[in-house]
1. Extent of region 2-75 along each principal axis, from alpha carbon coordinates, in Å, largest to smallest?
2. So if each residue of separation counts as 0.36 nm, and I subtract the Cα-Cα distance between ALA43 and ARG69, what length gain in nm does that give?
3. With n ≥ 4 as the cut-off for DSSP H runs, can you work out [θ] at 222 nm for the chain, using -39500 (n - 2.57) per run divided by the number of residues, rounded to the nearest 500?
4. Per the Kirkwood treatment, what hydrodynamic radius in Å, one decimal, follows for region 33-76 from the mean inverse distance over all distinct Cα pairs?
Amino acid sequence: MKKDILRNANYVYNFDREMYFNRLARKAFSVPFVDDNPEEVLARCISEGETGTGWKFYSNSELPESVKRELEGVLG
C-alpha cells in the first residue's frame, strides 16, 4: 500500500540511493522512513506544501549537509 501511495504521487525508486524521489515536488524519502512510518504519515508528508528552492529529505535521522548536497546533485 505504501508503494502505491508513492507511485500515485509520481515518486520513483532509486536503486543506487535506496530512496523514493519526485523531482517536481523536490522531495525524497528513505526506504527506512517509508518502512517505519504508517501510511497516514507518508501521505501527510507527500501532501505538505512546497519546499522552496531546495529538496526536502525524509529520513529517520537528520542527514549531514554533505549528504544532502550530494543527493541534490544526483537528483537534480
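None of the figures in this text is laboratory data; all of them are computed from the coordinates on show. Small disclaimer: the values here were computed from a predicted structure and weren't measured.
1. Largest first, region 2-75 extends 30, 23, 20 Å along its Cα principal axes.
2. 6.8 nm
3. -12000 deg cm²/dmol
4. Here the Kirkwood hydrodynamic radius works out to 11.8 Å.
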